[in-house]
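Report on the following structure.
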């Protein structure tokens, strides 16, 4: 799972987590990167001057965002502040393809043969689609080539420029706003290194759980159609029907963690924004209007298949959870949530923050 800001919706991690959880493990990622670069849509027309200026400003904004984020969260105090990598769509595809084997605890060199190449073609198509949607992404599984430390913050310049043009917002404010969200993810993982291992373990659980037979999967579908045990809706409900109970439990843990991470980042972004982003209200209003705008049927289908709509719901539910807990007990006591997997919210607690407070605090 990787966390990201998507171009279609309110900032978040394209981490994207939902899309990676649905992928098979045996994937030729070199093929995926090659296919993704070839079929990715070109970005907006950008002059060389604009490209260089945006790169410089984004790198600076990512550094400047670190201090207010640390101040609001109370996390990562004293840790070094690494720089961000500014990439184009092809660069993001290459970075994602390089990171996936590490996240999935997979041996990239063992993914050979026609089945792996075919899976690579499919993954490449998904990466191409996401490459036009991702504004920023914190990748806890890659190693920074400059420092040798784990974790890389990626900012996709052409997508950021394209969205700021569409929304007609102040570019410098918008770029800093995006960085606030992604830097929050960097702070989350830097201050709590166990999070990356927890994510990797659950991704492994998605692949290593006992495989159910087609008969067992059909039985769950039939039970659902007959009005048996209530199921989740949309892509989450589909995963529940198609996965074994062990795999769905791992999937649900990943979804809950993503909900917390995205909600926390949105909470921090809104807490920091008014003091540091002069036009933050206009940016938020434009994003909300864009999110509720119409989409063509193909876009809706693709978004449903890769789980992006489920991810959008993470922001809303996660932020409501964080807002209420922080409002009730304060940020310092909220940070107990980062202690271990046992202190993370359970499925019933995301929509009932008081239940988490009672159990953990």
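Considering only residues that are out of contact with any helix residue (DSSP H, G or I) (no Cβ under 7 Å at 6 or more places or on another chain) and within 15 Å of residue 125 (Cα to Cα), look in the stretch 35-45 and name the one that is modelled with the lowest pLDDT. In this case the residue turns out to be 42. When the stretch 157-178 is filtered for residues that are under 14 Å from the mean Cα position of the chain (by Cα) and over 17 Å from residue 282 (Cα atoms), nothing remains. Of all the numbered requirements in (1) out of contact with any strand residue (DSSP E or B) (no Cβ under 6 Å at 6 or more places or on another chain); (2) under 27 Å from residue 51 (Cβ atoms), residue 139 misses one, and that requirement is (1). You will find that of 180, 238, 154, 206, the residue that is part of a helix (DSSP H, G or I), surrounded by 14 or more Cβ atoms within 10 Å (Cβ to Cβ) and modelled with pLDDT of 85 or more is 180 and no other.
Looking only at residues of the stretch 160-177 that are more than 26 Å from residue 100 (Cα to Cα) and touching a strand residue (DSSP E or B) at 6+ places or on another chain (Cβ under 9 Å), we find that the one that is surrounded by the most Cβ atoms within 10 Å (Cβ to Cβ) is 175. When residue 350 is tested against (1) surrounded by 16 or more Cβ atoms within 10 Å (Cβ to Cβ); (2) closer than 22 Å to residue 191 by Cα, exactly one condition is not met: (2).
Can you confirm whether the stretch 86-105 contains a residue that is touching a strand residue (DSSP E or B) at 6+ places or on another chain (Cβ under 6 Å), closer than 24 Å to residue 259 by Cα and at pLDDT 95 or above? Checked the stretch 86-105: at least one residue is touching a strand residue (DSSP E or B) at 6+ places or on another chain (Cβ under 6 Å), closer than 24 Å to residue 259 by Cα and at pLDDT 95 or above. Given the structure, is residue 14 in a helix (DSSP H, G or I) and either farther than 30 Å from residue 270 by Cα or at pLDDT below 95 (or both)? It is false that residue 14 is in a helix (DSSP H, G or I) and either farther than 30 Å from residue 270 by Cα or at pLDDT below 95 (or both).
The values are calculated or read from the model by the stated rules, or taken from the named source; none is laboratory data. A quick note: this is a predicted structure, and the numbers were derived from the prediction, not measured. Backbone-built Cβ (ideal geometry, glycine too); neighbour counts: all protein chains shown.
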